Amino acid sequence: MFEVHNPADGSLVGHVHAGTEDDVNDAVRTSWEAFSLWSDTDPLDRSRILFSAARLVREDKKELSLLLTREQGKPLRESVNEIAGFARVLEYYASITGTLQGDYGYSKNYGHMMVMRQPLGVCAAIIPWNMPALIMGWKTGPVLAAGNTMVLKPSATAPLTCIALAEHLYRAGLPKQVLQLVTGSGRVVGQALARHNNIRSLSFTGAVSTGTGVAEIAAPTLKKLILELGGSDAMIVCKDADPYAAAKGAVSGRFFNCGQTCTSIKRVFVDSTVYEPFVQKVRELAETLSIGNGLSDGVDMGPVHTSGQRKDVHFLVQETVNNDQGKVLSGGYIPDTGSLKEGSFYPPTIMTGVDPDAPVMKEEVFGPVLPVSAFDTVADAIDMANATRFGLGASIWTHDMRTISQATRELDAGIVWVNQHLRIPPEVPFGGVKSSGLGRENGRYALLQYLEEKTILINP
Ligand code: NAD
């Protein structure tokens, strides 16, 4: 058994089974047994089940959000939005189930040329703890809508909300064999899924190092791989940007979910002419954030998910200071008094004058640290933004059309926002370039990933 603890105070939230390789094999076998039934189910019936699950989840959103906050640490308000996000993703896929038709053409030489789209079969997913509900929606929505069955491994430290969401899908009429959760460690359950010979696709979300390890293990099986990995998103603030909106965007884009989002703003580049007022505004706003147990009223930021991760975050801040590559303007310490001592809290931390090669800029800092640097030309800012192995998201804050046009073309990222950051609607593809991954979540594109084209040539 695994124990699940609340990172705000260490209290026990629940237990889950420590899954084994046999559990994975059993789940894959029963998943194949359910495949013909589910893939033959009329798309409209699949759609009804997804809509109905979304409705049940919305009805229980209070209880589900409490569970999410207790096991993950995020403020209740963020949990409520994430649970609603899960429901919204299911509703989106329910609304397009069955819309992906095949293609048809005729040629005198070859006759009738048709392309059928068929579900792949058993698909697997491995998901992280940072947004467990939303990411479970991103994986299950398109997989189930397309007629596949699924074996999903939640994170070992935040599996309970995923289990509760699966229960809602079953209550809505989804046969249990169609979606099976195998809880446990990445080393045992995750690797068993990666090396399994009878799984047709594996969608993994997590760190780059884990993802590349998974890809190596999965390679001989030739299953389709979708890798949604880390990011180090840059925010570029131009001289004409609305200073208040940009500062607000930086604070919410960095400190939301305690900085533990793949597309959190992890580096800020500000035009040197507006650098000082921008930094002051960010500091003012960050210092009004209330930190504490996500279950308490009015809390804006919860704890870092584990104490080990907080140690990693603090180490990168200290290394940057020790190397003279940036200064701490606020935060940057491990709280050792009051209730914050009970959990793995870390204050909103702002670092200024940060060298783009400093550890807090080069590594993915998965915690509430906002490093800021100045730039002289937009071309320099784009170069600095691109000078990383990551390529998940980036944002540019300006109203100048030429700059928008240049930045949207030149930034190496799977998603570029203008005058906003960290907004991910289910209707459009989301994913990274470079080391940030392969493939996409969301939109019709994700549905296509879970269907295989079959060509049929009929000579009349
Ligand atoms: P992680 O890589 O440690 O774990 C992710 C999942 O992989 C967990 O379920 C874990 O149990 C499993 N795992 C761990 N070791 C494994 C192994 N050897 N083989 C197979 N599975 C294994 O990541 P995390 O700490 O849970 O999440 C944070 C990371 O996820 C960050 O890098 C973040 O940027 C990334 N992330 C990316 C996206 C995206 O859409 N691109 C979204 C959210 C998070």
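The values are calculated or read from the model by the stated rules, or taken from the named source; none is laboratory data. Predicted model only: the values in this text are computed from it and were never measured. Because the Cβ atoms are built from the backbone with ideal geometry, glycine has one as well, and the counts that use them run over all protein chains shown. Heads up: the accessible areas ignore ligands, DNA and RNA and are worked out on the full protein's heavy atoms, side chains in. Shrake-Rupley method; radii C 1.70, N 1.55, O 1.52, S 1.80 Å.
Couple of notes before you dig in:
- Only listed residue being over 30 Å from Lys454 (Cβ atoms), in the same structural domain as Pro75 (by TED's automatic domain parsing) and either surrounded by 23 or more Cβ atoms within 10 Å (Cβ to Cβ) or in contact with a Phe, Trp or Tyr (Cβ under 9 Å, 6 or more places away or on another chain) (or both), chosen from Ala156, Ala125, Ala166, Ala145: Ala156
- Hits in region 50-64 (condition: over 10 Å from Ala87 (Cα atoms) and either of a type in the set (Asp, Glu) or touching a residue at least 24 places away in the same chain (Cβ under 8 Å) (or both)): Glu59, Asp60, Glu63, Leu64
- Residue list for region 342-356, filter: assigned to a loop (DSSP other than H, G, I, E, B) and either closer than 26 Å to Glu71 by Cβ or open to solvent by 10 Å² or more (accessible area, probe 1.4 Å) (or both): Gly343, Ser344, Phe345, Tyr346, Pro347, Pro348, Gly353, Asp355, Pro356
- Cβ-Cβ distances below 7 Å connect the following pairs, each with a first residue in region 102-131 that is within 16 Å of the ligand (Cβ to nearest atom), a second residue that is acidic (Asp, Glu), and a separation of six or more residues or different chains: Met131/Glu82.
- Taken over region 160-202, the criterion of being more than 10 Å from the ligand (Cβ to nearest atom), within 19 Å of the chain's Cα centre (by Cα) and over 15 Å from Phe86 (Cβ atoms) is satisfied by Ser201 alone.
- Only residues that are outside any helix (DSSP H, G or I) and either of a type in the set (Val, Ile, Thr) or near the ligand (Cβ under 10 Å from one of its atoms) (or both) were counted in region 209-232, giving 7.
- The set of residues in region 401-460 that are within 11 Å of the ligand (Cβ to nearest atom), not hydroxyl-bearing (Ser, Thr, Tyr) and not in a loop (DSSP other than H, G, I, E, B) comprises Ile415, Phe430, Gly437, Leu438, Glu441.
- Scope region 300-341; condition among the hydroxyl-bearing types (Ser, Thr, Tyr), within 16 Å of the ligand (Cβ to nearest atom) and part of a loop (DSSP other than H, G, I, E, B); matching residues: Thr306
- Residue identified as out of contact with any Pro (no Cβ under 6 Å at 6 or more places or on another chain) and in contact (Cβ under 8 Å) with a residue 12 or more places away in the chain among Pro335, Pro348, Pro303: Pro335
- Scanning region 390-418 for residues that are in contact (Cβ under 8 Å) with a residue 60 or more places away in the chain and more than 22 Å from Glu228 (Cα to Cα), we see that the one that is surrounded by the fewest Cβ atoms within 10 Å (Cβ to Cβ) is His399.
- Qualifying residue in region 421-432 (condition: closer than 16 Å to Thr261 by Cα, in contact with a Ser or Thr (Cβ under 6 Å, 6 or more places away or on another chain) and either outside the structural domain of Ser395 (by TED's automatic domain parsing) or open to solvent by less than 40 Å² (accessible area, probe 1.4 Å) (or both)): yes
- Selection over region 367-379 of residues that are part of a loop (DSSP other than H, G, I, E, B) and either in contact with a helix residue (DSSP H, G or I) (Cβ under 6 Å, 6 or more places away or on another chain) or free of Cβ contacts under 8 Å to residues at least 60 places away in the same chain (or both) gives a count of 3.
- Comparison of Gly10, Gly73, Gly14 shows that the only residue that is touching a Gly at 6+ places or on another chain (Cβ under 9 Å), among the small types (Gly, Ala, Ser), open to solvent by 10 Å² or more (accessible area, probe 1.4 Å) and farther than 30 Å from Thr455 by Cα is Gly10.
- Comparison of Ala387, Ala446 shows that the only residue that is touching a residue at least 24 places away in the same chain (Cβ under 8 Å) and buried (at least 19 other Cβ atoms within 10 Å of the Cβ) is Ala446.
- The selection criterion, being out of contact with any Cys (no Cβ under 9 Å at 6 or more places or on another chain), β-branched (Val, Ile, Thr), surrounded by 24 or more Cβ atoms within 10 Å (Cβ to Cβ) and closer than 21 Å to Leu56 by Cβ, holds for Ile83.
- Exactly one residue among Gly14, Gly19, Gly10, Gly98 is part of a loop (DSSP other than H, G, I, E, B) and within 18 Å of Cys162 (Cα to Cα), and that residue is Gly19.
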